[in-house]
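Working notes, beginning with the structure itself.
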Amino acid sequence: MRALVLWCVDWPVVAAASQVPDVDPTMPVAVLSANRVVACSAAARVEGVRRGQRKREAQARCPGLVTLPRDQSAEARAYEPVVAAIEALAPGVEIVRPGLCAVRANGPARFFGGEDRAAARLAGTVMALGIECQAGIADGVFAATLAARQGYADPGGRPPEAPRNADPGGRPPETPRNIVPAGKTPEFLAPFPVDALDRPELADLLRRLGIRTLGAFAALPARDVLTRFGPDGALAHRLAGGAEERPVAARRPPTDLAVRHELDPPVNRIDTAAFHAKAAAEQFVSALTERGLVCSSIDISAQTHAGEWLSRRWRHDGALTVSDIADRMRWQVEGWLVGATLRGEAGEAAGDEGYERPHGITVLRLEPAEAMPAGAFPTALWGGPGEHDERARRAVNRVHSLLGHGGVLVPVLAGGRGPDDQIELIPWGDERTPSRAASPWPGRLPAPFPAVVLPRRRPATVLDATGTPVQVNGRAVISAAPATVAINGDPPEVVLGWTGPWPVDERWWDTRYARRCARVQIATSSGAWLLTVEDSRWWLAATYG
Amino acid sequence: MSLALAVLAGPSSSGAWGAIVGVPEVGVLAAGELGVDLDRLVLIPWPSDAWATAVAALADAIDVIVVRPPAQVTGNDARRLAARVRQRGAVLLSLGEWAGADLRLTVTEQQWHGLGDGFGRLRARSMTVRVSGRRAAIPREERIWLPGDDSLAPPPRPALQVV
């Protein structure tokens with residue numbers, strides 16, 4: 001796999017110098033971390049400043065040296081526009097570390113008409129930003145990095161990293177030094193000292209073992225290297241042999257698309273939050289659009305002042321637009337804020353001493369949970385989710401976020417015999433599939449169905465004309481015609497008509513859901529009732545109110 | 001309850017959305033039977049403290065909302081909610097007393113048919129519905145059959161009703 005590496009020369013120096021006014025990377029500058037030089041500018045190198053020197057040692061060599069502390073986050077921040085510029089020409093940039101990134105060489109080489117041209121073009125793009133940059137191409141990122149460094153003509157005259165017995169494979173003379181021909185990578189790597197692996201401990205050990213070059217290291221049997229040096233040593237061995245550890249990512253990881261919006265001061269008000277949500281959503285969608293992606297499901301998270309992270313995923317039937325996302329963020333934040341306020345009032349009302357006022361939101365974050373190429377979601381030409389349905393769904397989504405999952409239910413028809421079995425309530429947002437198929441269920445309750453199905457059945461007393469309790473035996477034979485019915489101790493009502501009993505013996509094979517009862521419909525002057533007899537007792541199950 | 005579902009069924013069968021808030025015992029099967037589109041029905045059985053907020057949010061886009069107002073709902077809250085519902089052109093059906101309702105539907109008398117003495121089954125009911133309230137200066141009564149009668153006129157919108 002051919003890799004093209006773009007190496008920004010002395011990137012820590014460039015990034016650190018950009019943070020400080022009146023400091024220029026062309027001046028003798030050294031960046032220090034833990035009192036050691038980690039990078040220095042070319043001008044400092046001319047004076048003899050080297051990596052790894054102590055601060056005093058470096059200053060002794062170069063009295064005019066400007067020393068700066070290392071700021072890795074600034075390095076990463078300052079590198080972002082460089083990556084963006086590279087990505088405009090070559091997609092699939094993988095950042096190895098700030099100052100060093102890799103792309104697959106095949107695409108740009110084909111597009112620009114040759115690897116050397118691609119390398120020159122991409123390096124030129126970065127140079128146009130005013131940053132010194134060198135490109136290198138080889139089989140694998142590691143070798144390409146070395147090639148890029150080698151191609152850099154350092155005015156300070158670096159210690160010779162270049163191979164002494166260069167070009168054993170007969171490289172065509174016109175190929176630039178920074179491009180290693182395909183298949184020649186092991187030969188290219190062989191003369192480099194083991195320090196090039198950037199593993200100081202391993203390099204030190206190898207040198208003491210008499211192994212001074214990558215070629216000598218690569219010549220060792222892989223199995224022995226693994227036993228002696230462990231997995232990291234084995235990886236280094238493969239690098240030295242010119243085998244890449246993994247291919248350059250073809251696509252940027254989706255986390256790069258996440259948008260983070262800091263809110264300072266913390267937001268307690270919904271309208272302020274909505275304002276921020278709009279801005280974040282616009283940023284989010286434009287970032288997606290630049291990459292030719294649309295998002296059908298997003299994770300919205302917020303951090304409260306107390307450091308607590310709240311997160312919820314929103315799914316959508318189609319591509320989410322800016323207003324869709326802004327709406328969802330607003331609802332979500334509103335839900336959190338209102339929920340916190342409600343809990344807060346409850347806590348205060350209860351006189352809870354340890355209760356704290358709800359905290360504001362300090363960070364809003366948007367992350368695509370599912371992103372796909374634009375065009376996968378064309379809007380339906382005929383029909384499709386209508387405007388009205390869409391609005392209704394949005395309103396329900398809002399209530400859903402307010403009450404939490406399971407607060408909003410949608411009914412689906414399911415299989416069953418009783419009035420409560422034939423409907424299944426599914427939380428909003430879940431898939432609307434009933435657990436029991438709605439295929440024929442012989443013995444189901446006939447229509448019309450009761451308008452009130454009691455969540456908890458109420459005990460009833462059913463008496464016959466002589467005042468003795470009516471009973472239904474195991475063979476579903478009723479002892480006498482019911483004459484009066486009293487529900488839960490209410491005054492008895494006269495039965496105007498009745499029918500049944502309709503026996504039900506369900507799921508006798510399953511001890512948990514087994515049910516054996518008989519149903520009786522009774523009409524009185526105040527309405528019609530559905531009574532059940534279970535375990536020789538009467539219950540009111542539903543009313544036809 | 002059947003009357004409320006029947007009123008909900010009219011708009012629902014023509015594509016409107018319905019919501020039932022704070023009525024955990026509603027017989028959804030009966031609602032479907034009376035003509036309510038179950039794909040466009042949402043239930044919020046236990047809204048707890050967020051009752052008013054939930055109804056106000058639903059009123060944005062849901063056309064018919066059946067509610068049972070909690071006992072502690074104040075006249076002020078009710079008025080504000082009613083104003084919002086009216087502004088959005090939605091219909092609020094309240095199961096229970098609602099101060100200042102536009103229309104008040106009361107079942108004065110009902111009778112079930114189809115049951116004998118130990119035989120038959122419930123088939124239909126006839127009920128007398130009394131319409132009164134601010135929008136009905138002269139209360140009138142109508143006898144309707146449920147199920148099986150389409151004579152129920154769609155409710156005037158916007159309107160607040162008490163069943």
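The residues of region B:1-10 that are crowded, with 21+ Cβ neighbours inside 10 Å and more than 8 Å from chain A (Cβ to nearest Cβ), listed by number, are B:3, B:4, B:6, B:7, B:8, B:9. All conditions in (1) of a type outside the set (Phe, Trp, Tyr); (2) away from every other protein chain (no Cβ under 14 Å); (3) on the phi > 0 side of the Ramachandran plot; (4) surrounded by 13 or more Cβ atoms within 10 Å (Cβ to Cβ) hold for residue A:492, with the sole exception of (3). Of the set (1) closer than 26 Å to residue A:140 by Cα; (2) in contact with a Leu (Cβ under 9 Å, 6 or more places away or on another chain), all apply to residue A:59 but (1). Taking (1) small (Gly, Ala, Ser); (2) more than 10 Å from chain B (Cβ to nearest Cβ); (3) under 16 Å from residue B:26 (Cα atoms) in turn, residue A:429 satisfies each apart from (3). I'd like the residue in region B:63-98 that is touching a Lys or Arg at 6+ places or on another chain (Cβ under 8 Å) and of a type in the set (Gly, Ala, Ser) and, out of all such residues, is farthest from residue B:1 (Cα to Cα). Ranking the qualifying residues of region B:63-98, first place goes to B:89. Of the residues making up region A:195-238, those that are over 40 Å from the mean Cα position of the chain (by Cα) and among the basic types (Lys, Arg) number 3. State whether one or more residues within region A:501-517 are surrounded by 12 or more Cβ atoms within 10 Å (Cβ to Cβ) and within 11 Å of chain B (Cβ to nearest Cβ). Yes.
For region A:41-62, state whether one or more residues are surrounded by 15 or more Cβ atoms within 10 Å (Cβ to Cβ), within 31 Å of the chain's Cα centre (by Cα) and within 22 Å of residue A:22 (Cβ to Cβ). Scanning region A:41-62, I find no residue that is surrounded by 15 or more Cβ atoms within 10 Å (Cβ to Cβ), within 31 Å of the chain's Cα centre (by Cα) and within 22 Å of residue A:22 (Cβ to Cβ), so the answer is no. Within region A:24-66, the set of residues being hydroxyl-bearing (Ser, Thr, Tyr) and either in a helix (DSSP H, G or I) or more than 14 Å from residue A:10 (Cα to Cα) (or both) comprises just one member, A:33.
Which residue is surrounded by the most Cβ atoms within 10 Å (Cβ to Cβ), if the candidates are limited to region B:20-46 and must be within 15 Å of residue A:401 (Cα to Cα) and within 7 Å of chain A (Cβ to nearest Cβ)? Of everything passing the filter in region B:20-46, B:44 is surrounded by the most Cβ atoms within 10 Å (Cβ to Cβ).
Looking only at region A:82-115, residues that are assigned to a loop (DSSP other than H, G, I, E, B), aliphatic (A, V, I, L, M) and surrounded by fewer than 19 Cβ atoms within 10 Å (Cβ to Cβ) come to 0 in all. May I ask you to list the residues in region B:107-143 that are more than 23 Å from residue A:496 (Cβ to Cβ), in contact with a Ser or Thr (Cβ under 6 Å, 6 or more places away or on another chain) and in contact (Cβ under 8 Å) with a residue 24 or more places away in the chain? None; the set is empty.
Only one of the numbered conditions (1) touching a Ser or Thr at 6+ places or on another chain (Cβ under 9 Å); (2) closer than 30 Å to residue A:410 by Cα; (3) modelled with pLDDT under 85; (4) not small (Gly, Ala, Ser) is not met by residue A:473, and that is (2). Against the test of being crowded, with 18+ Cβ neighbours inside 10 Å and at the interface with another protein chain (Cβ under 9 Å from one of its Cβ atoms), the options B:115, B:81, B:92, B:105 yield a single qualifying residue, B:115. When you check residue A:433 against the structure, is it modelled with pLDDT under 85, part of a loop (DSSP other than H, G, I, E, B) and loosely packed, with under 12 Cβ neighbours inside 10 Å, yes or no? Criteria met by residue A:433. Would you mention how many residues in region B:47-83 are within 18 Å of the chain's Cα centre (by Cα) and at positive phi? Final tally of qualifying residues: 0.
Across region A:499-545, the number of residues qualifying as out of contact with any Phe, Trp or Tyr (no Cβ under 9 Å at 6 or more places or on another chain), in a strand (DSSP E or B) and of a type in the set (Gly, Ala, Ser) comes to 1. Could you grab me the full set of residues in region A:397-426 that are part of a loop (DSSP other than H, G, I, E, B), under 40 Å from the mean Cα position of the chain (by Cα), of a type in the set (Gly, Ala, Ser) and more than 7 Å from chain B (Cβ to nearest Cβ)? Correct list: A:404, A:406, A:414, A:415.
Among the residues making up region A:191-231, those that are in a loop (DSSP other than H, G, I, E, B) and more than 18 Å from residue A:141 (Cβ to Cβ) are A:191, A:209, A:210, A:211, A:212, A:219, A:220, A:221. Within region B:47-78, the set of residues being within 12 Å of chain A (Cβ to nearest Cβ) and in a helix (DSSP H, G or I) comprises B:48, B:49, B:50, B:51, B:52, B:53, B:54, B:55, B:56, B:57, B:58.
What's the number of the condition residue A:531 fails, among (1) exposed (fewer than 14 other Cβ atoms within 10 Å of the Cβ); (2) hydrophobic (A, V, I, L, M, F, W, C); (3) under 53 Å from the mean Cα position of the chain (by Cα)? Among (1) exposed (fewer than 14 other Cβ atoms within 10 Å of the Cβ); (2) hydrophobic (A, V, I, L, M, F, W, C); (3) under 53 Å from the mean Cα position of the chain (by Cα), residue A:531 violates only (1). For region B:13-27, residues that are under 23 Å from residue B:52 (Cα atoms) and either assigned to a helix (DSSP H, G or I) or in contact with a His (Cβ under 9 Å, 6 or more places away or on another chain) (or both) total 2.
For every residue, the table says whether it meets (1) out of contact with any helix residue (DSSP H, G or I) (no Cβ under 7 Å at 6 or more places or on another chain); (2) within 26 Å of residue A:448 (Cα to Cα).
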| site | (1), (2) |
| --- | --- |
| B:21 | no, yes |
| B:25 | yes, yes |
| B:29 | yes, yes |
| B:33 | yes, yes |
| B:45 | yes, yes |
| B:48 | yes, no |
| B:54 | no, no |
| B:63 | no, yes |
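Residues that are within 28 Å of residue B:127 (Cβ to Cβ), within 12 Å of chain B (Cβ to nearest Cβ) and in contact (Cβ under 8 Å) with a residue 24 or more places away in the chain: does region A:458-475 have at least one? Within region A:458-475, one or more residues are within 28 Å of residue B:127 (Cβ to Cβ), within 12 Å of chain B (Cβ to nearest Cβ) and in contact (Cβ under 8 Å) with a residue 24 or more places away in the chain.
The values are calculated or read from the model by the stated rules, or taken from the named source; none is laboratory data. Owing to the predicted nature of the structure, the values given are computational and were not obtained by experimental measurement. Positions of Cβ are generated from backbone atoms using ideal geometry, with glycine treated the same way; all protein chains shown enter the neighbour counts.
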